[in-house]
Amino acid sequence: ALFMGARAEKRLDPRWFIELGARLARSGRTAALMGGPAERRLLEGLSIPKGVIVAPELNLRRFAAAIAGARAVLSADTGPMHLAVAVGVPTVELFSHTEPWRFGYGHLPEHAVLATPERYPRLDEAWSALQAILTPKG
């Protein structure tokens, strides 16, 4: 699950998430773009590749169930990131404007923190972290 929602200063361009989803699709996985009404508006008019789905708007209970069923969640440091950790789903956590040592879970197994002051990680950095989490160990 690729959670696109965040406050304006934390929000990435939706094309960043679409490209990450396309990479997941090319690797044989299904990618779900998740977010609220604001994120859905940002996707309007953009081409969504095959294998990438735009998740419908969900109430909190259904959203939690969708997160719990994911193999991994990539998210900025927002509520869904904390929810994914709480239900035991591996995460790739994107930090740019807050302290990962304070709010992140990089100290836990199967959780990657990508922290870059004043910018988000490059797509290749996020892709590498996501691949590391999704690749079976051993």
The chain: calculated mean residue ellipticity at 222 nm from DSSP helix runs of at least 4, using -39500 (n - 2.57): -11000 deg cm²/dmol
Length added when fully stretched, ALA8-HIS107, from 0.36 nm per residue minus Cα-Cα: 32.9 nm
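Rounded to the nearest 20 debye, what is the charge dipole size of region 27-123 about its Cα centre when +1 sits on each Lys and Arg Cβ and -1 on each Asp and Glu Cβ? Mind showing how you got there, number by number?
Values: 10 positive and 8 negative charges, 64 e Å.
Using Cβ point charges on Lys, Arg, Asp and Glu, region 27-123 gives about 300 debye.
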Answer label, with mean projected area of the Cα convex hull in nm² calculated from the coordinates and candidates (i) 8.0; (ii) 9.0; (iii) 11.2: (i)
Gain upon complete extension [GLU19, SER128; 0.36 nm per residue less C-alpha separation]: 37.9 nm
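What ranking do 19-31, 47-59 get when scored by the average of other Cβ atoms within 10 Å per residue, highest first?
Values: 19-31: 16.9, 47-59: 13.6.
Sorting 19-31, 47-59 by mean packing, highest first, produces 19-31, 47-59.
For Cα pairs less than 8 Å apart in space and 6+ apart in sequence, what is the mean separation divided by the residue count of region 32-97, i.e. the relative contact order in percent?
On the way: 59 pairs, mean separation 17.0, N = 66.
About 26 percent, as a whole number.
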Gained length - THR135 relative to ARG61, 0.36 nm times residue gap less alpha-carbon distance: 23.8 nm
Region 2-134, relative contact order in percent, only Cα pairs under 8 angstrom and at least six apart counted: 21 percent
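Coordinate-derived values only; no laboratory data. Nothing here was measured: the structure is a model prediction, and the numbers come from that model. Here the Cβ is made from the backbone with ideal geometry for all residues, glycine too, and neighbour counts use every protein chain on show.
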